[in-house]
1. Tell me yes or no: at least one residue of the stretch 255-263 is of a type in the set (Val, Ile, Thr), part of a loop (DSSP other than H, G, I, E, B) and either touching a helix residue (DSSP H, G or I) at 6+ places or on another chain (Cβ under 7 Å) or open to solvent by 50 Å² or more (accessible area, probe 1.4 Å) (or both).
2. Hey, can you tell me all the residues within the stretch 72-90 that are under 19 Å from Ile133 (Cα atoms) and open to solvent by less than 30 Å² (accessible area, probe 1.4 Å)?
3. Which condition does Ile70 not pass, out of (1) among the aliphatic types (A, V, I, L, M); (2) farther than 27 Å from Phe17 by Cβ; (3) not in a loop (DSSP other than H, G, I, E, B), if it passes all the others?
4. Every residue in the stretch 210-219 that is over 16 Å from the mean Cα position of the chain (by Cα) and either among the β-branched types (Val, Ile, Thr) or crowded, with 21+ Cβ neighbours inside 10 Å (or both), please.
5. Can you tell me how many residues within the stretch 55-78 are of a type outside the set (Val, Ile, Thr) and either more than 18 Å from Ile120 (Cβ to Cβ) or at pLDDT below 95 (or both)?
6. May I ask you to list the residues in the stretch 243-254 that are open to solvent by less than 30 Å² (accessible area, probe 1.4 Å) and either assigned to a helix (DSSP H, G or I) or modelled with pLDDT under 70 (or both)?
7. Among the residues of the stretch 26-56, write down those that are open to solvent by 20 Å² or more (accessible area, probe 1.4 Å) and outside any loop (DSSP other than H, G, I, E, B).
8. Please work out which residue is nearest to Ile258 (Cα to Cα), limiting yourself to the stretch 220-242 and to residues that are open to solvent by less than 10 Å² (accessible area, probe 1.4 Å) and among the hydrophobic types (A, V, I, L, M, F, W, C).
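The values are calculated or read from the model by the stated rules, or taken from the named source; none is laboratory data. In this text the structure is predicted, and so the values were computed from the model without any measurement. We place every Cβ from the backbone using ideal geometry, glycine too, and count neighbours over all the protein chains shown. Side chains included, ligands, DNA and RNA excluded: accessible areas come from the protein's heavy atoms. Shrake-Rupley method; radii C 1.70, N 1.55, O 1.52, S 1.80 Å.
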Amino acid sequence: MIRPCPGRMYLNQDLQFLPHSLRFIYWPRYPSKCLPSNFEPSNLVELHMPFSKLEQLWDGVQDLDKLKCINLSNSVNLKLIPDLSRAPNLESISLQFCRSLVKVPWNTLRSNKLINLNLIGCRKLSTTLPERIFAPSTLKTLNVEGSNVRITALPDTISRGLVSLYLESTGIQFLPSSIGALENLSRLSLDNSKSLSNIPSSIHKLKSMKYLGLARCSFLDEFPVVLPWNLETLDLSWTAIKEVPSSLIKDRPGVWEINLRGCKIIESALMQRENFTSKGRSFNSI
């Protein structure tokens, strides 16, 4: 294991060697542009190098049979992720705020054990996620907020184990009715999905859902009458919604916050506000 002491480590020149036996690397602010060219990561299980100066990890295809975790978050100079075709056990990829990242070789990602994929803030990553990324039954968190990743539709084969799904600004056009089968999904954010015009009625089946974000979905003008039973927060700000389902007010006591800022809601919806806020809940419509 490599785990530098707290504080910054300075190298007079690029690192020349790492032992091939390494299983864990934890090295925040790694100061070089790449790992040593002679390093063979065949025994590597976890790689944690947040806030590094890496531009890439290594060249070519490496044997990564034991690799489970890659964390390069906030490595703002990182441009490329290597071929991952020999990483069949990969469980977590964290690349949030890698603002120079332009390429992730999705066609080489073969792991069917993926649990977490985090691409928040990868602004230069202009790509379309292949459907098979959603397929592993192990997948729990997918976050592409603030990136240029495109997802026009969710596949029917989406993992039933998903807990958190953040698809802001992806260009998604519709949700399949099969989304109602995601019984573990607690957070769904579709903010700024300007092509999204409706939500399937099957969404009421999401018994674990606590948060539903639809802010700035400017073509969304209708909403299901029946909502998830355990929903706590609903963000409909700056949508074309004109009326709040009465079931939200009367039949969903767990809903504590509704955001309707920027909506031209009709008067009857506003009349429900007093009843809603009288119970100590938040109804924002300014």
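1. Taking the stretch 255-263 as the starting set, the residues that turn out to be of a type in the set (Val, Ile, Thr) are 255, 258.
When the remaining residues are screened for being part of a loop (DSSP other than H, G, I, E, B), the result is 255.
Right, trim to either touching a helix residue (DSSP H, G or I) at 6+ places or on another chain (Cβ under 7 Å) or open to solvent by 50 Å² or more (accessible area, probe 1.4 Å) (or both) and you get 255.
Among the residues of the stretch 255-263, at least one is of a type in the set (Val, Ile, Thr), part of a loop (DSSP other than H, G, I, E, B) and either touching a helix residue (DSSP H, G or I) at 6+ places or on another chain (Cβ under 7 Å) or open to solvent by 50 Å² or more (accessible area, probe 1.4 Å) (or both), which makes the answer yes.
2. Keep residues of the stretch 72-90 that are under 19 Å from Ile133 (Cα atoms), which gives 80-90.
Selection gives Ile81, Pro82, Leu84, Ala87, Leu90.
3. Condition (2) is where Ile70 drops out.
4. The initial filter retains those residues of the stretch 210-219 that are over 16 Å from the mean Cα position of the chain (by Cα), namely 210, 215-219.
Within the stretch 210-219, Cys217 is the sole residue that qualifies.
5. Let us first name the residues in the stretch 55-78 that are of a type outside the set (Val, Ile, Thr), namely 55-60, 62-69, 71-75, 77-78.
With either more than 18 Å from Ile120 (Cβ to Cβ) or at pLDDT below 95 (or both) added as a condition, the list becomes 55-60, 62-68.
The number of residues fulfilling the criteria is 13.
6. Step one: list which residues in the stretch 243-254 are open to solvent by less than 30 Å² (accessible area, probe 1.4 Å), which gives 244-245, 247-249, 252, 254.
Correct list: Pro245, Ser247, Leu248, Ile249, Arg252.
7. First pass over the stretch 26-56, keeping only residues open to solvent by 20 Å² or more (accessible area, probe 1.4 Å): 26, 28-29, 31, 33-34, 37-38, 40, 42-43, 46, 48, 51, 53, 55-56.
The answer is Tyr26, Glu46, His48.
8. Checking each candidate, the answer is Leu234.
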